[in-house]
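Only the coordinates and a few stated rules stand behind these numbers; no lab work does. None of the values given here were measured: they were computed from a predicted structure. Methodologically, a virtual Cβ is constructed for each residue, glycine included, from the backbone with ideal geometry; neighbour enumeration extends over all protein chains shown.
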Amino acid sequence: MTVKRWFLASTLVLLAVTAWLALYVTPPRENQGFDAVRLLYLHVPCAWLAYLAFGVTALASVLWLIPRTRATTWDLLAGASAEVGVVFTALMLIVGSLWGKPTWGTWWEWDARLTTTAILFFLYLGYLALRRTATTSDERGMRCAIAAIIAFADVPISYLSVTWSSTTSSMCASTARWHSRSFWRCLRSRCCTGT
Amino acid sequence: MNYVRDVWLVASKDLRIERRSRVALQQIVPFGGIVVVLFAFALNSDRTLLPPAAPGLFWVAILLATLLAIGRSFNVEEANRARDGLRLSGLDGGSIFLGKAAAVAVELFLLEVVVGIAVVVLYDVTPRSALVLICAAVAATIGLAATGTVYGVLAGGLRARETLVPLLVLPAVTPVMLGATRSFQAALDGSPGDAWPWVQLLIAFAVLVVAAGTVAFGPLLEEA
C-alpha cells in the first residue's frame, strides 16, 4: 500500500513538473504552429506507450502459444494491454491531428507514418472485437494470440516508416529533435537568470 | 507428392461446390460488376476522373468481392458440420489452408477478368504492359486469398463472424491494396519500370501470408 502511495505521489509530482516544463519553459516555434508545438510532449509519449502496450500484447501472446508457459494470465494480460494500446493510439492520432492543423494547414496528411498508425489502430480494434466475440477462454486463446502477433507486424513498420519515406511526419520527428535542443537551452537560461 | 494431392483435393472440393451451387457466378461476379457501376455514379461518370482512378476502384471492387468469397468459403464448412469432417479427414492443416486459399484465388482470378473488362469498357481505360498487370494481379490475388483464408478460420464458428471478418481482413490487406493499385497505375501510365518495386512488395506479402497461414491454419482449425 505504501509503495502504491509513493507511486501515486511521484507520478503527480512528475506530471506537474512536466506540465511546467512543457507549457512554460520550452519556447514556441514559429513554423510549427507556435504554441501548438507543445503538443509534442503529449503526442510522442502516447506513441511510445502505445508501442509498448502492443509489444506487451505480442509478448504475452507468444507466451500463451508456447505450451510450457501457457496460462490464462498471459491471455488476460494481452487483452488488457491491447486496450491500453488502442486508447493511446487514438490519443496519439487526435493530438497529432490537433498539431497538424496549425502546422500543416490540414487535420490529416496521407503520409507513411499517419497511414500506418491509422492501420495499426484498426488492426487492434479488430483484435479487441475478436476478443469480445470469442467469449470463453477456450474460444479466445489461440485465435487472439495469432491475431495479436499478426497485428504487431505493423508496429515496426509504423515506427520505421518515417525513415523509409521523407514525408511530413519526418518534419515532426525533426521538430521533436529541435525542440529537445531548445528546451535544454531555455531551461539552462531560466535556471541561470531565475526568470 | 501426397501434400500436393491433398491441396488439390481440398481446392477441387471447394471449386466443385461453387460450380454446382453457382453462387460465385450468380452472386459474387454481379456484385463486382455493380460496384464498378456505382463507383462511376459516385464520381459523376466524369471521363476525366474515372481513368486515373480506375486502378484503385478496380482493386476496391475486388477487395469487397473477396470478403464475399471468403464468407462463402467458410459458410460451406458450417453446413452439416462439414468442418468436423475436415478436421477428422487426417489431412495436414497446411494442405487444407493451401487448398482453400487456392480455390478462393481461382474464383478471384475469374472475377478480376470480368471486372477488368467492365473497367476497360465503362471507364475508358486502355490496358498496357500486360506482363506487369498479370504479375501484379497474380501476386495480389494470392495475398488476398491467403489473408482472407487465415482470418476466415480465425473467426470460424464465432457469433457475428460475418461482421468480424471484414474488420479483421481490411486493415491487414492494406499492403495489397497499395501495391496492386500503384503497380496497375504505373502499368496503365506506360511506365512499367515504376511498377516492379510494388510487384515485389506484393510477392513478399503473399509469401509471408502463405507461410504464416500454412503454419497457423491447423491449430486454428482445431479451435474453430
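Annotations for the structure displayed:
- Residue exposure proxy: A:TRP107, B:TRP59, ordered by other Cβ atoms within 10 angstrom of their Cβ from fewest to most, comes out as A:TRP107, B:TRP59.
- With Cα atoms, 0 to 90° folded angle of helix B:93-123 axis to chain B main axis: 20
- The range B:193-224-the range B:72-88 distance, computed between alpha-carbon centres (Å): 23
- Cα-centre dipole for the range A:39-176 with unit charges at Cβ (Lys and Arg positive, Asp and Glu negative), debye to 20: 180
- A DSSP coil position with no more than 16 other Cβ atoms inside 10 Å describes the following trypsin sites (Lys or Arg not before Pro) in the range A:65-165: A:ARG70.
- Other residues within the sphere of radius under 15 Å centred on the Cβ of B:LEU201, judged by their own Cβ, net out at -1 (K and R +1, D and E -1).
- Neighbour count of at most 16 Cβ within 10 Å plus DSSP loop: longest trypsin sites (Lys or Arg not before Pro)-free window in chain B: B:48-127
- Highest GNM mean-square fluctuation among B:LEU64, B:LEU88, B:LEU122, for chain B modelled with Cα contacts below 10 Å: B:LEU88.
- Remark: relative contact order (chain B) = 28 percent; criterion is Cα-Cα distance under 8 angstrom and separation of 6 or more residues.
- Legend: ranking of residues B:PHE97, A:PHE121 from fewest to most surrounding C-beta atoms inside 10 Å; resulting order A:PHE121, B:PHE97.
- Pairs of alpha carbons in the range B:162-224 whose separation is greater than 15 Å (percent): 63
- Within the protein assembly as shown, helix-based [θ] at 222 nm, where runs of 4 or more DSSP H residues each add -39,500 (n - 2.57), nearest 500: -27500 deg cm²/dmol
- When the Cα positions of B:PHE58, A:GLY85, B:ALA102 are compared along the charge dipole of the protein assembly as shown, A:GLY85 comes out farthest toward the positive end, with charges on each C-beta of Lys, Arg, Asp and Glu.
- Chain B: angle of helix B:130-154 to the longest principal axis, Cα-based, in degrees nearest 10: 40
- Per-residue average of Cβ from other chains inside 10 Å of A:146-155: 4
- Compactness ratio for the range B:20-152: Cα radius of gyration over 2.2 N^0.38 Å (N = residue count) comes to 1.19.
- Computed from the C-beta positions of A:ASP138 and B:ARG47, the FRET efficiency with R₀ = 51 Å rounds to 0.35.
- Taking the Cα centre of chain B as reference, the dipole from Cβ charges on Lys and Arg (+1) and Asp and Glu (-1) amounts to some 420 debye.
- Phi to ³J(HN,Hα) by Karplus 6.51 cos²θ - 1.76 cosθ + 1.60 over the range B:31-46, Hz, x for Gly, Pro: 4, x, x, 5, 5, 4, 5, 5, 4, 4, 4, 4, 9, 6, 6, 6
- Largest first, the three principal axis extents of the alpha carbons in the protein assembly as shown are 85, 59, 36 Å in whole numbers.
- Net charge dipole, the protein assembly as shown: roughly 980 debye, given to the nearest 20, about the Cα centre with Cβ charges of +1 for Lys and Arg and -1 for Asp and Glu.
- By other beta-carbon atoms within 10 Å, ranking A:SER10, A:SER161 with the fewest at the front produces A:SER10, A:SER161.
- Debye intensity ratio in log₁₀ form over the Cα atoms of chain B, taken at each q of 0.14 Å⁻¹: -0.85
- Considering only B:ALA172, A:LEU42, B:ALA195, and ranking their Cα positions along the charge dipole of the protein assembly as shown that arises from unit charges at the beta-carbon of Lys, Arg, Asp and Glu, the one farthest toward the positive end is A:LEU42.
- Restricting the calculation to Cα atoms, the range B:71-135 shows an Rg/Rh of 1.20 when the hydrodynamic-style radius is the Kirkwood one.
- Debye log10 I(q)/I(0) at q = 0.09, 0.11, 0.12, 0.19 Å⁻¹ for the range A:1-139, Cα point scatterers: -0.40, -0.57, -0.66, -1.12
- If the Kirkwood radius is taken over C-alpha pairs of the range B:101-211, then at 4 °C and 1.567 mPa s the Stokes-Einstein diffusion coefficient equals 88 µm²/s.
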